[in-house]
Amino acid sequence: MRVISPFPLLLLVATATAQTGPGGVGSSTNNVLWLDANSGVTQSGGLVSQWNDRSGNSNHALLPGSIPTAKPAFVTSSVNGYPSLDFDGTDDQLWVTDHASIDLTQWHFFIVVTADFQKNYNAWMVKGDDSDENWEMLSYSDGNIHTPTKYTDGTRTFPSSAAGQVVTGTFDVFEYSYSTGVGRDVYKNATNIITDNENKTPKVNNLPLYIANECATTGREVDGDIAEVIAFNAP
């Protein structure tokens, strides 16, 4: 897997233009989602109702109409001088409407997060529902990263890292790659924390991408901040 040093990446993401992918890498063809708290955030009184996708695919993260109070807070200068969205762990979340561009069987993700409170099932990003995940990343009370996926044969795997990866009050860059030819690799700040040789095909679904929640099960809203979410359709 290609590993990109996290801190230059964060700087490049914050300053790159929307005509190309983050840091000038990729385009709307393979960069299918780019949520950057430094750009395209709709807020009122510091509460966020929409987070626009910079990838060119219009995969905007929206306030669920059924949960009008679910607005995360906009926090300025929270990570390297750049902003983040703070989710309260109670109901705050944003949804990206299902689209073929984010129904992935191979991927390369980056997410920049910190926990405000360590609890089980801090669901950072979930494409689908619990037990029916196309792809997912969440953390537990001990700070481990958990990456469940359901496959086309109906089976699931859900490896976890060692404890202490998501740290309260500290932003870290997590990189998550999967392809049938290589398997699963997860990195924290360019250091590998999960690896396997899984070779099954992930099962896509017509469910939304939930940012900061695992929607089918209660109590899995994130208590923490997200500064960046980037998804590439790439091995």
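The values are calculated or read from the model by the stated rules, or taken from the named source; none is laboratory data. Quantities reported herein were computed from a predicted structural model and do not represent experimental measurements. Counting neighbours? That spans all protein chains shown, and the Cβs are built from the backbone with ideal geometry, glycine included. Protein only, heavy atoms only, side chains kept; ligands, DNA and RNA dropped before computing areas. Shrake-Rupley method; radii C 1.70, N 1.55, O 1.52, S 1.80 Å.
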Please enumerate the residues belonging to region 38-52 that are small (Gly, Ala, Ser) and either over 14 Å from Val75 (Cα atoms) or open to solvent by 30 Å² or more (accessible area, probe 1.4 Å) (or both). Ser39, Gly40, Ser44, Gly45, Ser49
Go through (1) open to solvent by less than 10 Å² (accessible area, probe 1.4 Å); (2) without any contact (Cβ under 8 Å) to a residue 60 or more places away in the chain; (3) touching a Gly at 6+ places or on another chain (Cβ under 6 Å) for Thr114 and report which single condition fails. (2)
Among the residues of region 138-156, the number that are open to solvent by less than 50 Å² (accessible area, probe 1.4 Å) and not in a loop (DSSP other than H, G, I, E, B) is 7
Working only within region 64-87, note down all residues that are open to solvent by 20 Å² or more (accessible area, probe 1.4 Å), within 20 Å of Arg220 (Cα to Cα) and over 16 Å from the mean Cα position of the chain (by Cα). Gly65, Ser66, Ile67, Pro68, Thr69, Lys71, Ala73
Kindly evaluate Trp135 against the criterion of being in contact (Cβ under 8 Å) with a residue 12 or more places away in the chain, part of a strand (DSSP E or B) and open to solvent by less than 10 Å² (accessible area, probe 1.4 Å). yes
Quick one: Thr90 ticks every box in (1) open to solvent by 50 Å² or more (accessible area, probe 1.4 Å); (2) in contact (Cβ under 8 Å) with a residue 40 or more places away in the chain; (3) not in a loop (DSSP other than H, G, I, E, B) bar one, so which box is it? (3)
For region 157-182, name all the residues that are free of Cβ contacts under 8 Å to residues at least 24 places away in the same chain and either touching a helix residue (DSSP H, G or I) at 6+ places or on another chain (Cβ under 9 Å) or surrounded by 14 or more Cβ atoms within 10 Å (Cβ to Cβ) (or both). Ala163
Yes/no for Ser101 being at pLDDT 95 or above, crowded, with 19+ Cβ neighbours inside 10 Å and more than 15 Å from Ala231 (Cα to Cα): no
Can you pull out the residues in region 183-225 that are under 20 Å from Lys119 (Cβ atoms) and either free of Cβ contacts under 8 Å to residues at least 12 places away in the same chain or basic (Lys, Arg) (or both)? Lys188, Thr218, Arg220
